[in-house]
Amino acid sequence: MENLAVFYKNKIIDILNEISEESIAIKKAAKVVAESIAREELVYVIGPGGHSNMAAEEVLWRAGGLAPINAILDAGVNLIHGAKRSNIIERTPGYAIKVLDAYRVGKKPGEVIIIVNAYGINSMCIDTVLEARRRKMITIGITSKSFADIVPKGHPSRHSTGKNLYQEVDYFINCHLPYGDAVIEIESCPQRVGPTSTFCNAFAINLLMTETVRELVSMGIEPPIWTSANLPGGDEKNLKLEEKYIPLIKHLG
């Protein structure tokens with residue numbers, strides 16, 4: 001095998017190129033996100049389980065990112081409170097509904113929720129989309145088909161219905177997760193290494209956010225965007241947005 005770093009880099013680039021080709025789906029989803037922001041609504045983002053939480057963190061209080069993003073960062077599935085615990089809870093039927101209640105999600109019909117989970121099959125993931133639809137929300141899924149189309153019904157990681165996130169959301173953005181997630185084979189090592197799901201999720205959701213900004217500009221709306229607080233003058237530039245959104249966004253203050 002060639003240099004591991006080069007091989008891994010090229011594999012990631014191949015995946016990012018595939019995601020880049022999802023421009024039509026991204027533009028459609030960005031339009032509804034932009035329209036929600038234009039209505040002065042918050043946009044909810046949830047990564048139901050384990051490392052998927054990082055996608056929600058990626059767009060919260062992010063330099064160059066949109067301000068009205070309400071990231072749902074539930075302690076029950078956050079790895080900091082126990083990785084195996086997270087795995088158990090993400091498979092717990094009905095848990096997602098109480099999380100949505102705690103974040104007051106979907107109080108107004110037509111609100112947007114972005115559900116990011118590269119696998120797109122666990123109970124929390126499917127319960128989230130089903131409940132969001134029941135609350136008459138607009139659902140956007142960032143996920144892949146690779147696992148969903150192969151993992152059999154009845155597998156412990158699956159929702160009891162066997163449903164797949166990509167088939168249940170209103171708008172589907174394929175993050176092109178390779179089957180198995182990891183992509184590097186090392187001689188005499190039985191398991192592949194070099195995971196890819198975080199790259200897939202982060203790139204896809206940032207493409208969605210940037211396309212949303214472009215859509216807002218085309219609508220004649222100045223996008224509410226954070227400046228890096230680490231830059232000179234950053235705190236001052238962010239002050240107005242902080243005053244507006246800290247009372248509204250759970251994890252911002």
Please name all residue pairs, on different chains or six or more residues apart, with Cβ atoms under 8 Å, provided the first residue is in region 193-206 and is among the aliphatic types (A, V, I, L, M) and the second residue is outside any helix (DSSP H, G or I) and open to solvent by 60 Å² or more (accessible area, probe 1.4 Å). Val193/Ile186
First in region 70-90 and assigned to a loop (DSSP other than H, G, I, E, B) and hydrophobic (A, V, I, L, M, F, W, C), second anywhere and open to solvent by less than 60 Å² (accessible area, probe 1.4 Å) and modelled with pLDDT of 95 or more, Cβ under 9 Å, 6 or more apart: Leu73/Ile46; Leu73/Gly47; Leu73/Asn53; Leu73/Ala56; Leu73/Leu60
Here is a check on your reading of the model: is Ile140 under 19 Å from Ser52 (Cα atoms) and either out of contact with any strand residue (DSSP E or B) (no Cβ under 8 Å at 6 or more places or on another chain) or buried (at least 24 other Cβ atoms within 10 Å of the Cβ) (or both)? yes
Looking only at residues that are touching a Phe, Trp or Tyr at 6+ places or on another chain (Cβ under 9 Å) and open to solvent by 10 Å² or more (accessible area, probe 1.4 Å) in region 165-178, which one is nearest to Ile138 (Cα to Cα)? Phe172
When you scan region 74-98, how many residues do you find that are closer than 19 Å to Val59 by Cα and surrounded by 18 or more Cβ atoms within 10 Å (Cβ to Cβ)? 3
Got at least one residue in region 216-223 being assigned to a loop (DSSP other than H, G, I, E, B) and aliphatic (A, V, I, L, M)? yes
Which numbered condition trips up Glu57, out of (1) in contact (Cβ under 8 Å) with a residue 24 or more places away in the chain; (2) surrounded by 13 or more Cβ atoms within 10 Å (Cβ to Cβ)? (1)
From (1) of a type in the set (Ser, Thr, Tyr); (2) open to solvent by 40 Å² or more (accessible area, probe 1.4 Å); (3) under 27 Å from Glu41 (Cβ atoms), pick out the condition that doesn't hold for Thr198. (3)
Here the qualifying pairs (Cβ atoms under 7 Å; residues six or more apart or on different chains; first in region 18-37 and touching a residue at least 24 places away in the same chain (Cβ under 8 Å); second assigned to a loop (DSSP other than H, G, I, E, B)) come out as Glu18/His176; Ile19/Cys175; Ile19/His176; Ala34/Met219; Ser36/Glu111; Ile37/Pro68
Meets criteria (buried (at least 21 other Cβ atoms within 10 Å of the Cβ), in contact with a helix residue (DSSP H, G or I) (Cβ under 7 Å, 6 or more places away or on another chain), of a type outside the set (D, E, K, R) and not in a loop (DSSP other than H, G, I, E, B)) for Thr212: yes
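The values are calculated or read from the model by the stated rules, or taken from the named source; none is laboratory data. What you see is a predicted model; the values in this text were computed from it and never measured. Every residue, glycine as well, gets a Cβ built from its backbone with ideal geometry; the counts of neighbours run over all protein chains shown. When the accessible area is computed, the model is the full protein with side chains, heavy atoms only, and any ligands, DNA or RNA have been set aside. Shrake-Rupley method; radii C 1.70, N 1.55, O 1.52, S 1.80 Å.
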